[in-house]
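The block underneath contains the structure these notes are about, expressed in C-alpha cells.
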Amino acid sequence: MNIGIIGDGQLGWMTIFENRKLNYKFFVLGNNPEAPASRISDRFFRYEDYKQFFETVDTVVVEFEHIPDFIFELLERYPNFNALKLKRSRIEEKTFLKSKGYPVVNFCYSYGYQLKEKIKDFALPVIIKAEKLGYDGKGQYFIEDLSQIQNILDNHSLEEGFIIEEFINFKHEVSVIGVRDFDGNKRLYPISFNYHEDGILLYNYAPFVDNKSVSQIVYSLLDDLEIVGVLAVEFFIKQDDTPIINEFAPRPHNTGHYTMDGSYTSQFENLIRAVSRLPLGSTESKLPTGMVNILGKSLEDFNVNEILKIEGTQFYWYGKEKKSRRKMGHVNIVDTDVSNLRRKIQSVLECVYSKNFSKV
Ligand code: AMP
C-alpha cells in the first residue's frame, strides 16, 4: 500500500519509521526535501507536484494542519477532512465544540480593529490568539492590562481575525489520544499530564489520574468528528476537577510521543493501521512513561551521553535547523514506578536545559 503523508516534519518522520515493519511505502508532500519526513520517505514531492503525489498514493494522512489552501481542497475524499476543516480556524473549532455541548472556555471573535472594544466583555486576564496559523504559543498573547493590546496591533493587521478567551486558572493540563477505525471501533490511550511553558509543551507523562468525564468526551468526539486514525484532545482541568477542552488535533500529537516506548502500539502505528483497515492495536501502557521536548537546542548544547546514562531513556533527534523554541528532538523515559519516572524526567530536563527545575 502507498501511504501519502501531507507535511514533512517530525510527526511524519515518526509515522514512517514506526510503520516500516508493515511493508508499506511512504510518500511525503511538503516544502523541504531535507525535512525529517522527506529524508526517510520513499519519495518526496513538493507541493507544486501535488498531482503526481495524489496519483501515487492509495490514502493520505496529515501530520500538520496548516496545509496550503489549494492542497486542502483536494483532501475531501480522504479521512478526517471535516475535522481538518474545523482546525483551519480556532473560532470554527470552538464554535463546533460548543454547538455539540462540549465544555469550552468563554470566547468571542474579534477583528484586530475591534479588540479594544470586545475585550471589555471579559474580566482580565484574557488570552488572545490569532484565529489562523497559530501553534506552539505562536500568535498568542496573555493580556492582563489593556495597554498590552497595542503590542498585538503592532504585530498583526487590523483586518486579521482573533479569538479572545477567558483565562482559565487550571489545576493542571492533560490530554488523551483516541483512535478510531472505519467501522467506528474506538480505543483510548491513558490520560497524560502535560506541562507547558510559554504555550509550548515541555514534558508530559502517562498514565495520570483517571478522569471519567475526560474519557467520555474523547469517545464521543471521535464519533462526532468521524475520525479514522488518531485524535488528540487537550484539556484544562479546573480546580474542581471538571474538564474544559482546550483544543483537538486530528493527527498524531506531541503529547502522544511517549506511546512509542510506553504503549503496546504507538499512536503512529494505530494511525496507519486505521487508515489501511488493519485491526487497531492495544493502547494499554507497558510501563509508566514520560517525554521531554528538546526545544531550541543543537546537539552541541547538551550531552546526549548524560541523558542516555539515565536508565530507561530513548533519544529522538529530528535533524532540523536550530531555531529559538523550535522542537528539535525529544527523550522518552520509562520506569516501573511513577515517582522514579518523575525524578528521571527532572534529570533529563536538567541535562537538556542546564538549569535546575523545581520538582516535576
Ligand atoms: P494552545 O495553542 O491554544 O494549545 O495554547 C497553548 C497553551 O497556552 C495551553 O496548553 C495552555 O498552557 C495555555 N493556554 C491557552 N489558552 C489558555 C486559556 N484560555 N487559559 C489558560 N491557559 C491557556
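Some points to look at:
- Neighbour-count ranking [beta-carbon atoms within 10 angstrom, fewest first] of TYR205, TYR78: TYR78, TYR205
- With an a/c value of 1.5 or above and a/b not larger than b/c for the gyration tensor axes a ≥ b ≥ c computed over the alpha-carbon atoms, region 278-342 is described as oblate.
- Nearest-0.05 FRET efficiency for LYS85 and ASP198, computed from C-beta distance (R0 35 Å): 0.75
- Region 106-166: relative contact order in percent, alpha carbon pairs under 8 Å with at least 6 residues between: 57
- Assigned charges on the beta-carbon of Lys, Arg, Asp, Glu; the chain dipole about Cα centre (debye): 500
- Relative contact order for the chain, counting Cα pairs under 8 Å that sit 6 or more residues apart, in percent: 13
- Axial C-alpha extent at least 15 Å, average Kyte-Doolittle at least 0.0 - helices from the chain (DSSP): 212-224, 338-353
- Put simply, when 18-26, 261-269, 124-132 are sorted by average Cβ atoms within 10 angstrom per residue, most first, you get 261-269, 124-132, 18-26.
- Gain in span if fully extended, TYR24 to GLU117, counting 0.36 nm per residue against the direct Cα distance: 28.1 nm
- Anisotropy class of the chain from Cα gyration tensor, a/c 1.5 cut: rounded
- Stretched out straight at 0.36 nm per residue, the stretch from SER282 to LYS297 would grow longer than its current Cα-Cα span by 2.0 nm.
- Fully extending the segment from MET1 to SER358, taken as 0.36 nm per residue of separation minus the present Cα-Cα distance, adds 123.7 nm.
- Tensor-based shape of region 308-360 (alpha-carbon gyration tensor, a/c under 1.5 rounded, otherwise prolate or oblate): oblate
- Segments 216-227, 106-117 sorted - mean Cβ within 10 Å per residue, highest first: 216-227, 106-117
- Under 5 Å from the amide H of HIS196 lie the amide H atoms of LEU202, each residue being 5 or more positions distant or on a separate chain, with H modelled from the backbone and absent for Pro and chain starts.
- Here region 106-166 is treated as a Stokes sphere of Kirkwood radius computed over C-alpha pairs; at 4 °C and 1.567 mPa s its diffusion coefficient rounds to 115 µm²/s.
- Report note on the peptides 278-288, 6-16: ranked by the mean count of other C-beta atoms within 10 Å, highest first, their order is 6-16, 278-288.
- Subset of LYS51/LYS297; LYS129/LYS171; LYS118/LYS327; LYS138/LYS297; LYS186/LYS286; LYS21/LYS309 violating a 26 Å alpha-carbon distance limit: LYS51/LYS297; LYS118/LYS327; LYS21/LYS309
- Which of PHE81, PHE248 has the fewest Cβ neighbours within 10 Å, and the rest in rising order: PHE81, PHE248
No value in this document is a laboratory result; all are computed from the given coordinates. What you see is a predicted model; the values in this text were computed from it and never measured. Positions of Cβ are generated from backbone atoms using ideal geometry, with glycine treated the same way; all protein chains shown enter the neighbour counts.
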